[in-house]
Amino acid sequence: MAEKIVIIGSGPAGWTAAIYAARANLNPIVYEGEPSNIMIPGGQLMYTTEVENYPGFPAGIQGTEMMGLFRKQSQRFDTQIYTEDITSVDFSSHPFHLKSSENNEVEALTVIIATGARANWLNLPNEQRLAHSGGGVSACAICDGALPAYRDKVLVVVGGGDSAIEEGLYLTKFASKVIIVHRRDKLRASPIMQERAKANSKIEFKWNSIVIDVLGDKIISGVRSQNTFTKEESDLNCGGLFIAIGHTPNTSFLAGHVELDEKGFIITPKPWRTATSVEGVFAAGDVMDPYYKQAVTAAGTGCMAALEAERWLTHKGMV
Ligand code: NAP
């Protein structure tokens, strides 16, 4: 028998959708994902320390704790949770057909996609080699920065957005110095983050520069950077490299099944709606939001998707 609602993803959007769907007696199933080197259940907030801008937590809350609470709240209303990825979908006939990483199959009357987004890399051969071997290259300072290997070292962060600044500030707790390498001479980060970074004596900036190679055999010893104007190259000695250059939506399993934009974000054609190009399939959170990308907006769209799915099921006479 087909499930009324299957939710793919377990960040704020997925859990909020589950809470709303469960309270509407839709018996939701959540595929929370398998832990991998790209993503873990709970999504990007699992890589965050203090969350200060989610309403309801006046003293702030740790990202991991917050996602634990979201998950627990969904379980209170009997959400079924599978720690598996959905690896393929067939939306060409109804009920929809989904397959999981454990080769399980599920049929669904409605699907909410809330798979979020993941970190981008520079894609340099030595960056990838050292990232995969645990040689001091990471795309998540919050996850890895506190490791003993990074203590009292010079650490390099690449990027100029809020993530780069947030990660740079975080790393100053452990590093002797943090050098933020940015390809322009102006940060994209919000003014308050810029002020915090510029006021921190442990942070230096290397402007108009890109990292073109990562040095070191088993462990990083430095990075080679290039000035974007003069093309002059120089080496920076460092004990760690953190890449913070944005994110890509987790939608590769959806190509050809639901309409995506040029960056891979799911298109929700109607304003203030989470319905996708496929009737009965809804999207919520960072996977459909290249603009706000906040936990609270993800939760909001998760709520919207569950309500929309419920109304769609009712309208179709399926519940
Ligand atoms: P972002 O805002 O897209 O910034 C990405 C940065 O990486 C940009 O500075 C970009 O340079 C640089 N970049 C991109 N590709 C690059 C490449 N190949 N080589 C070198 N540099 C590259 O991404 P984000 O910082 O992850 O932030 C995403 C969203 O989350 C934003 O809306 C942000 O406000 C939000 N956020 C908020 C907080 C907070 O409020 N505490 C924390 C983290 C993130 P250019 O500037 O030249 O394009």
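Each reported figure results from applying straightforward, stated rules to the coordinates on display, with no laboratory input. Given the structure is predicted, the values throughout are model-derived calculations rather than measurements. Glycine gets a Cβ as well: all are built from the backbone with ideal geometry, and neighbour counts include every protein chain shown.
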(request) Have a look at S190, S277, S221 and tell me which one the Gaussian network model of the chain (Cα, springs below 10 Å) gives the largest fluctuation. (result) S190
(request) Output ³J(HN,Hα) for region 70-80: one whole-Hz value per residue in order, computed from phi by the Karplus curve 6.51 cos²θ - 1.76 cosθ + 1.60 with θ = phi - 60°, and x for Gly and Pro. (result) 4, 4, 4, 5, 5, 6, 4, 9, 6, 6, 8
(message) Is there a quick way to get the dipole size of the chain? I mean about its Cα centre, with the Cβ of Lys and Arg at +1 and of Asp and Glu at -1; what is the value in debye to the nearest 20?
(response) 760
(request) Given the options N250, N53, N27, state which has the largest fluctuation in a GNM of the chain using a 10 Å cut-off (strictly under) for Cα springs. (result) N53
(request) Based on other C-beta atoms within 10 Å, arrange F205, F229, F242 from fewest to most. (result) F229, F205, F242
(request) Using amide H atoms built 1.01 Å from N in the peptide plane, name the residues 5+ places from H247, or on other chains, whose amide H lies under 5 Å from its own. (result) N120
(request) Provide the per-residue ³J(HN,Hα) series for region 28-34, in order, calculated from phi with Karplus coefficients 6.51, -1.76, 1.60 and θ = phi - 60°, each as a whole number of Hz, with x at glycine and proline positions. (result) x, 10, 10, 8, 7, x, 9
(request) Identify which of K153, K186, K293 has the largest mean-square fluctuation in a Gaussian network model of the chain, with springs joining Cα atoms closer than 10 Å. (result) K186
(message) Per residue of region 260-272, what does 6.51 cos²θ - 1.76 cosθ + 1.60 with θ = phi - 60° give for ³J(HN,Hα)? Whole Hz please, x for Gly and Pro, Karplus curve as stated.
(response) 10, 8, 5, 8, x, 6, 6, 8, 10, x, 8, x, 6
(request) For I179, list long-range residues whose amide hydrogen, built 1.01 Å from N in the peptide plane, is under 5 Å from its own amide hydrogen. (result) L155, V156, V157, E204
(message) Cut-off under 19 Å on the C-alpha distance; same-chain residues fewer than 8 positions from K316 excluded. Which lysines are left, in chain and number order?
(response) K4
(message) Starting from a Cα-only point model with no solvent, please compute log10 I(q)/I(0) by Debye for the chain at q = 0.08, 0.15 1/Å.
(response) -0.40, -1.13
(message) Taking amide H atoms as placed 1.01 Å from N in the peptide plane, list the residues 5 or more away in sequence, or in a different chain, whose amide H sits under 5 Å from that of T110.
(response) I5, V6
